[in-house]
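Everything on this sheet refers to the single structure shown next.
The values are calculated or read from the model by the stated rules, or taken from the named source; none is laboratory data. The structure presented is a predicted model; accordingly, all values stated were derived computationally and were not measured. Heads up, the Cβs are rebuilt from the backbone with ideal geometry, glycines too, and the neighbour counts pull from every protein chain shown. Accessible surface is based on the protein model in full, side chains and every heavy atom, while ligands, DNA and RNA are left aside. Shrake-Rupley method; radii C 1.70, N 1.55, O 1.52, S 1.80 Å.
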Amino acid sequence: MTSGPSAHHRSDGFQAGDAGAPAHDDLVDEKIIVCYYVAALTFLTISMLAGLLVALQLVHWNPFRGTELLSPGRWRMIHTNAIAYGFLANAFLGTLHWAVPRLTFHKVLSTRLSWFIFGVWQVIVLSTAVGIVLGPTFQDQPWILALAKKWHLPMNLGAQGLEWGETPFWIDPLALVGLALVAVNFMVPIGKSKGPMYVSLWYFMAAFVWTFLTYAMGNLLPEYAVAGTSAGAIGGLFIHDLVGLFVTPLGWGLMYYFVPIMLKKPIWSHGLSLVGFWGLAFFYPLQGIHHFLYTPIPMFLQYGAVISTIAVELVVATVVINFFGTLVGRGKEFFENLPIRYFYTGMVFYFITCFQCALQVTLTFQKLIHFTDWVVGHAHLVMFGVFSLWLFGIMTYLFPRLLGRPWWSRSLCEYHYWLSAGGLFVMFLDLTLAGIFQGYYWSSLQPWDASTNGSQPFWITRVFAGLAMFAGLLCFLVNLWMTARGAEATDPLPARAAGTPAA
Amino acid sequence: MFESKSGIFFIAGIGFFLLAFLGNGVVPMIMYKDRHEQTAEEVVNKRVMAQFRDLAQRYPESFQNAFGEPTEEACAEALRLGRQLYVGEGCWHCHSQFVRPVSNESRRFGPVSKSEEYDNELQRPVLFGTRRVGPDLSREGGRRGNDWHAVHFHKPQVVSTDSPMPEYPWFFDGSPDKPNRRGIAVMTYIQWLGSWLEEYPYYEELAEVKGEQ
Ligand code: HEM
């Protein structure tokens with residue numbers, strides 16, 4: 001290993017950190033992190049290709065028209081599922097294998113268990129993808145229909161009818177076991193750690209509990225226990241909690257960990273950290289129904305969801321303020337330190353997302369923008385603009401440490417940043433505008449074609465924005481390949497720019 | 001408490017999650033607990049049967065191979081399979097199934113959706129949907145003939161120029177006049193949507209389909 005991590009080992013987490021602390025190499029299994037990252041980037045590539053396929057379909061440029069196994073409807077579900085479970089989950093798990101042991105000074109429960117989870121998780125993601133693609137082709141079997149008739153259950157071999165809960169029913173039990181093992185594996189070192197818990201660990205701990213509960217709720221209740229409107233309420237909770245109680249807390253937990261290390265100073269305000277965490281924990285789960293406003297779900301529940309959504313926007317603002325307070329005095333880092341640039345760009349996007357959300361959750365906005373591309377723009381802004389950029393920043397920081405050499409090409413690192421952030425921002429503006437147009441086409445009762453034809457310029461722009469994001473990923477992959485191979489670097493990324501704090 | 005392991009695990013992790021689940025999930029469950037959830041057999045009605053028979057007449061050979069005789073039992077099976085395919089093919093990511101009381105939607109699609117409409121096996125999980133690339137389908141039944149749907153699923157652009165909807169040639173054995181089991185099932189499902197309402201805009205004005213016989 002390079003001297004990188006141990007050199008600033010002491011500054012991690014700002015808690016124990018005495019001379020007797022265990023060495024990095026005894027705590028962290030670096031190989032598994034690399035494997036998780038490779039898996040994450042593979043699924044990100046697949047997901048982006050799937051997104052491009054759907055985007056091409058909408059502008060009539062789909063080159064695989066009429067090919068059953070490449071049907072855009074099926075691949076749209078691959079797109080979102082590969083992102084959630086293939087990219088985000090893998091990248092988070094990899095990073096947790098770095099952050100949790102270093103924060104707690106304890107290894108994960110068992111390295112063997114870690115590898116087992118790694119294997120199980122890839123099986124889960126791959127079989128979800130296979131199930132979604134092949135399911136409808138093989139759906140029509142007498143025994144399935146007989147079971148469906150006997151139990152009055154959907155019995156879909158492929159996707160199930162809940163967004164992000166599409167994971168076929170025969171994979172759900174395995175996924176739940178996987179999530180429980182993840183929780184145990186990381187919760188043990190957290191449990192063993194002494195003294196006050198650092199903010200990141202609050203978020204991680206809560207996220208392990210929430211992810212398991214959310215997954216169980218969404219993948220079991222609306223399929224097996226309830227139908228109709230009540231299932232809709234649970235479905236809303238599920239889509240919402242998956243973003244808010246799995247992705248968001250892990251993302252912020254990692255920001256609370258990496259930002260102070262790289263800026264070499266503590267988080268600005270502990271009080272605001274507390275407000276941010278407890279506000280999120282209380283208000284976030286209460287909002288699920290805001291995905292289904294104006295449905296037959298009882299109106300008083302819809303109002304409740306709207307109000308708690310607006311409340312959480314205020315909470316979120318405190319978190320963003322806290323991080324910008326931390327940056328004060330170190331503003332130079334934003335320009336010189338690539339991971340910090342990723343992190344704070346993501347935070348700006350996060351603020352935009354939340355500001356947008358406070359507007360779009362109101363019933364006035366809902367009339368116009370619900371069901372339109374506005375929402376799709378919002379989804380990309382938060383999933384890509386925030387969490388993916390953060391993970392890119394983390395990977396930019398960790399890969400040189402994991403591989404023991406600097407990034408092969410500084411300019412490819414820069415291209416990755418600019419194409420990702422720029423492409424995403426164009427896509428976001430484009431889809432937001434498209435949504436407003438679509439909303440007006442519909443409510444003015446023009447024929448349906450008017451809305452799909454009127455969307456063409458926006459959809460074409462989206463293809464190119466997506467291509468830019470994809471090109472950014474390719475730069476990253478080439479750079480990673482050359483770095484891992486140990487190719488001779490003419491223009492490596494200096495350690496300073498890869499996040500190593502200034503002396 | 002606010003920074004302790006047990007506080008975070010029990011209060012934030014489990015407590016707040018359950019609180020929200022009770023408030024947002026269990027409340028509607030309790031409110032609707034006395035409602036009867038209909039099975040696929042129970043939701044078969046006169047209109048969808050008329051459409052099912054119409055399919056049998058239009059495509060006698062294909063229908064015979066796929067479902068045999070157009071009985072109510074076969075119709076329930078077609079509805080189940082149709083819905084499985086509707087979900088599996090991702091139709092619900094482009095088509096919603098609820099009409100909102102705003103934005104002139106009731107003028108475009110038909111009556112605003114009511115909670116009772118979703119109390120059946122074919123709404124498990126409910127297919128409200130979150131995106132409309134294409135129109136809402138919860139009142140689609142009867143709006144178009146089966147021949148229109150067949151051509152449309154085979155190649156949407158034939159009947160709807162510039163349609164961005166994907167084509168589904170695998171619902172057919174080669175040409176739009178030979179729908180296979182999957183094709184017939186999806187068409188039956190689509191014709192069922194909204195068939196439980198007062199009005200069913202059947203385009204050929206057959207009394208039998210309109211439920212007036
Ligand atoms: C190559 C770049 C990408 C392209 C071209 C693309 C394209 C698309 C398209 C066409 C849809 C369907 C929209 C619709 O139903 O109208 C979609 C949905 C979605 N995409 Fe992407 N995407 C890309 C990258 C990503 C990435 C990297 C993420 C996450 C990190 C992401 C997250 C999502 C989500 C969450 C949805 C669902 C939105 C909703 O249902 O509201 N996409 N994308």
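Tabulated values for the structure
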{"read-out": "Set B:LYS155/B:LYS178; A:LYS150/B:LYS46; B:LYS46/B:LYS155; A:LYS194/B:LYS5; A:LYS107/B:LYS5; A:LYS31/A:LYS194 screened for pairs whose C-alpha atoms are more than 20 Å apart", "value": "A:LYS150/B:LYS46; B:LYS46/B:LYS155; A:LYS31/A:LYS194"}
{"read-out": "Accessible surface of the protein assembly as shown [probe 1.4 Å, protein heavy atoms]: carbon and sulfur percent", "value": "67"}
{"read-out": "Inter-probe distance in nm under a simple model that places probes 7 Å from Cα toward Cβ, at A:LEU363 and B:GLN157", "value": "4.3"}
{"read-out": "Cleavage-rule hits (trypsin sites (Lys or Arg not before Pro)) in region A:183-292: DSSP loop, at most 14 neighbouring Cβ within 10 angstrom", "value": "A:LYS194, A:LYS264"}
{"read-out": "Cα radius of gyration and Dmax for region B:93-156 (Å)", "value": "12.7, 35"}
{"read-out": "Isotropic mean projected area of the C-alpha convex hull, region A:277-325 (nm²)", "value": "3.4"}
{"read-out": "Total accessible surface hidden between A and B, rounded to 100 Å², 1.4 Å probe", "value": "7900"}
{"read-out": "Loop sites in region B:1-92: trypsin sites (Lys or Arg not before Pro), DSSP, at most 11 other Cβ within 10 Å", "value": "B:LYS33"}
{"read-out": "Bins of 5 Å, starting at 0 and running to the largest distance - Cα pair percent for region A:28-256", "value": "1, 7, 13, 17, 18, 15, 12, 9, 5, 3, 1, 0, 0"}
{"read-out": "Long-range tail of P(r) for region A:331-503 (Cα pairs > 29 Å, %)", "value": "32"}
{"read-out": "Neighbouring partner chain Cβ atoms per residue of A:280-287, average, 10 Å criterion", "value": "5"}
{"read-out": "Tail beyond 17 Å, pair distance distribution of region B:3-47 (Cα, percent)", "value": "59"}
{"read-out": "Cα-Cα pairs of the protein assembly as shown separated by more than 49 Å (percent)", "value": "16"}
{"read-out": "Residues A:PHE64 and A:SER443, FRET efficiency given R0 of 35 Å [Cβ-Cβ distance, rounded to 0.05]", "value": "0.50"}
{"read-out": "Cα centroid separation - region A:162-216 against region B:81-157, whole Å", "value": "36"}
{"read-out": "Cα-derived Rg over Rh, computed across chain B with Rh taken as Kirkwood radius", "value": "1.08"}
{"read-out": "Helix A:389-403 axis, angle to chain A major axis (alpha carbon atoms, nearest 10°)", "value": "40"}
{"read-out": "Using alpha-carbon coordinates, inclination of helix A:172-192 to the longest axis of chain A, degrees", "value": "30"}
{"read-out": "Residues along region A:419-451 losing 20 Å² or more of accessible surface when the other protein chains are present rather than the chain by itself (probe 1.4 Å)", "value": "A:TRP442, A:SER443, A:LEU445, A:TRP448, A:ASP449"}
{"read-out": "Cα convex hull volume per residue for region B:22-102 (Å³)", "value": "166"}
{"read-out": "Ratio Rg/Rh [Cα only; Rh per Kirkwood] for region A:365-407", "value": "1.35"}
{"read-out": "For chain A, with +1 on Lys and Arg beta carbons and -1 on Asp and Glu, the positive-most of A:ILE234, A:PHE384, A:PRO63 along the dipole", "value": "A:PHE384"}
{"read-out": "Distance between modelled label sites at A:ALA21 and A:ILE321, nm, 7 Å Cα→Cβ extension", "value": "3.1"}
{"read-out": "Mean Cα-pair separation over length for chain A, i.e. relative contact order, pairs under 8 Å, 6 or more apart, %", "value": "14"}
{"read-out": "Sorted largest first, extent of region B:66-183 alpha carbons per principal axis (Å)", "value": "42, 37, 23"}
{"read-out": "Estimated FRET transfer efficiency when R0 is 22 angstrom, pair A:LYS332-A:ASP491 (beta carbons, to 0.05)", "value": "0.50"}
{"read-out": "Given charges at beta-carbon only (K, R positive; D, E negative), |dipole| of chain A in Debye", "value": "660"}
{"read-out": "Estimated [θ] at 222 nm from DSSP helical runs (n ≥ 4, -39500 (n - 2.57)) normalised by residues in chain A, nearest 500", "value": "-23000 deg cm²/dmol"}
{"read-out": "Among A:THR214, A:GLN139, A:THR248 - extreme Cα towards positive end, dipole of chain A, charges at beta-carbon", "value": "A:THR248"}
{"read-out": "Calculated [θ] (222 nm, deg cm²/dmol) that DSSP helices of n ≥ 4 give over chain B, each run adding -39,500 (n - 2.57)", "value": "-10500 deg cm²/dmol"}
{"read-out": "Cβ-defined net charge surrounding A:MET77, 9 Å radius [Lys, Arg +1; Asp, Glu -1]", "value": "0"}
{"read-out": "Shielding by other protein chains, A:268-277, mean Cβ within 10 Å", "value": "1"}
{"read-out": "Two-site FRET efficiency, B:LYS114 against A:SER411, from Cβ-Cβ distance with R₀ of 41 Å, rounded to 0.05", "value": "0.10"}
{"read-out": "Per residue solvent-accessible surface (Å²) - region A:58-212, probe of 1.4 Å", "value": "33"}
{"read-out": "Virtual spin-label span in nm between A:LYS192 and B:GLU3, 7 Å along Cα→Cβ", "value": "2.3"}
{"read-out": "Over region A:331-503, relative contact order from alpha-carbon pairs under 8 Å, at least 6 apart, %", "value": "33"}
{"read-out": "Degrees between helix A:30-58 axis and first principal axis of chain A (Cα, 0 to 90, nearest 10)", "value": "30"}
